[in-house]
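The values are calculated or read from the model by the stated rules, or taken from the named source; none is laboratory data. Just so it is clear, the structure is predicted and the values come from calculations on it, not from any experiment. For neighbour counting, all protein chains shown are included, and Cβ atoms are generated from backbone atoms with ideal geometry for every residue, glycine included. For the accessible areas, the whole protein counts, side chains as well, though only heavy atoms, and no ligand, DNA or RNA atoms are used. Shrake-Rupley method; radii C 1.70, N 1.55, O 1.52, S 1.80 Å.
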Amino acid sequence: MKIARYTAYGGPETIRFEDAPIPAPGPGEVLVRVRAAPVTAGDARLRSGMVPRGLGLLLRVAIGLTRPRVAPGWAFAGEVAGVGAGVTGWSVGQRVFGLTGFKGGAHREYLVITQSGTILPLPDTLSFEAGAAFFFGGLTAAEFLIDRAKVTAGERVLVAGATGAVGGAAVQIARHLGAKVAATASAANHDLARRMGASEVSDYRDGSPAGPFDVVIDVMGKLGWDRAAPLLAPGGRLVLVTADLSAMLGSALRPRRGDRRVITGTSKEDLPSMLRLVGLHQEGAYTPVVGQVLPFAHLAEAHRIAEGFHKPGNLVVTMDQTPA
Ligand SMILES: NC(=O)c1ccc[n+]([C@@H]2O[C@H](COP(=O)([O-])OP(=O)(O)OC[C@H]3O[C@@H](n4cnc5c(N)ncnc54)[C@H](OP(=O)(O)O)[C@@H]3O)[C@@H](O)[C@H]2O)c1
């Protein structure tokens, strides 16, 4: 099988394909034939080492000083190709999706995952591409909106950067929670923002829409406290989905600013969070937008697009054709 590997911190050209034997599932393990996998903002950041200001050294301490010692690929959708001894509940041919998470390993044709790990049956309502696109933005948006900002019905929510993976999920889930959603996006993506449930759409290049908002989701961290504070209603919450070191420290040391609050952090990658998101999908609250779909062989091109931070919806590679 073909697997992708990062050879150094740097541009997409640092990605290599290698041949490897198809792994045999051990006791309690499931072998998955990967059919599709997302190429996310997170993948691009791990490969390039380009993270918000002040976090570069922390990243390198976590994943490798000289090269990213993680495998490419954070999530997958595919089908069970084999099961190890003692596996119950999974059968060959079953459609599945899940997370390989921070350590990666989904950008390959087959992967092995423990049967009780971050793997779930893929609902019939999702294609392999949609299954691949499902978790990255969805888990982030659900956790920040529901658990952290605690959005309630009738609140006014601004999603700044509303049509990528995180923003697209945030618009849908905020709307489902009963919020009135304003969105900012490039003009080309305004229709998409409206289709996902935004009732008010503008271009972030023209400034922010008029507040007050109960919750501002600052997807790219471009507003920050200084520009978002004047938009916040009393009791308002600012969610910095992207935050540099100083914003992270600021929110940790001084989350409360009068009666308003700043929220940062990373979202959880666990089975209960995944199950909740599947529940939201089944209630009709969330379906990921599948944007560009490229063959696995074009993984470097997919990274180039992902690191531009302007992709509509989610970018997915499919493993139907073998890379050279
Ligand atoms: N905290 C966490 O746990 C967590 C989890 C996941 C992702 N993230 C971070 O969240 C960010 C977004 O990830 P993503 O996957 O949603 O990225 P994405 O799919 O590339 O989407 C980026 C979005 O930001 C918008 N945008 C780009 N430049 C902007 C600007 N100057 N001002 C306002 N909006 C702008 C884009 O709009 P247009 O395309 O319309 O221009 C697009 O809607 C990344 O920095 C990622 O690292 C954090």
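Structural remarks
- Listed peptides 7-15, 93-101, 214-222, 67-75 by packing density, highest first (mean Cβ within 10 Å): 214-222, 67-75, 93-101, 7-15
- Cα gyration tensor, segment 1-100 - rounded (a/c under 1.5), prolate or oblate: prolate
- When you work out D = kT/(6 pi eta Rh) for segment 136-263 at 37 °C and 0.692 mPa s, using the Kirkwood radius from C-alpha pairs as Rh and the Stokes-Einstein form, the result is 234 µm²/s.
- Mean Cα-pair separation over length for segment 136-263, i.e. relative contact order, pairs under 8 Å, 6 or more apart, %: 21 percent
- Other-chain or far-sequence residues with amide H under 5 Å of residue 159's (modelled H): 182, 183, 184, 217
- Packing-based ranking, highest mean first, of 174-186, 108-120, 51-63 given that Cβ atoms within 10 Å are counted: 174-186, 108-120, 51-63
- Within segment 136-263, antiparallel bridges make up roughly 10 percent of the DSSP beta bridges whose residues both belong there.
- Assuming charge only on the beta carbon of Lys and Arg (+1) and of Asp and Glu (-1), the dipole of the chain about its Cα centre is about 800 debye to the nearest 20.
- Rg to Rh, two decimals, where the chain supplies the alpha carbon set and Rh follows Kirkwood: 0.98
- Above 25 Å, the calculated P(r) of segment 17-167 contains 40 percent of its Cα-Cα pairs.
- Relative contact order for the chain, counting Cα pairs under 8 Å that sit 6 or more residues apart, in percent: 19 percent
- Dipole of the chain, positive end: most advanced residue of 78, 166, 297 [Cβ charges, Cα centre]: 166
- Think of a 1.4 Å ball rolled over the protein heavy atoms: the chain then has 42 Å² of accessible area per residue.
- J(HN,Hα) series, segment 86-98, from Karplus relation 6.51 cos²θ - 1.76 cosθ + 1.60, nearest Hz, glycine and proline x: x, 7, 10, x, 10, 9, 4, x, 5, 7, 9, 8, x
- Share of carbon and sulfur in the accessible heavy-atom surface of the chain [1.4 Å probe, %]: 55 percent
- The chain: calculated mean residue ellipticity at 222 nm from DSSP helix runs of at least 4, using -39500 (n - 2.57): -7000 deg cm²/dmol
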